[in-house]
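Each remark here refers to the structure printed beneath this line.
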């Protein structure tokens, strides 16, 4: 991962959350990312587009600044 884009996801609380977020990101074609339960963050090698952010919100994981 070159430049890292960090997104805070306060609703991450367990391994199931990490799995669900991973499924959403992969289904949207995002490949270069890491979901951190401890930091409650998504780290991505590319910026997440509006469609991806919307899909995460619909899955119950809105991003916050």
Inside the stretch 7-29, can you point out the residues that are touching a helix residue (DSSP H, G or I) at 6+ places or on another chain (Cβ under 6 Å) and either part of a loop (DSSP other than H, G, I, E, B) or modelled with pLDDT under 95 (or both)? 28
Among the residues of the stretch 58-65, are any within 11 Å of the chain's Cα centre (by Cα), assigned to a helix (DSSP H, G or I) and at pLDDT 95 or above? no
Given the structure, is residue 47 at negative phi, exposed (fewer than 12 other Cβ atoms within 10 Å of the Cβ) and in contact (Cβ under 8 Å) with a residue 40 or more places away in the chain? yes
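The values are calculated or read from the model by the stated rules, or taken from the named source; none is laboratory data. Quantities reported herein were computed from a predicted structural model and do not represent experimental measurements. Neighbour counts run over all protein chains shown; Cβ positions are idealised from the backbone, glycine included.
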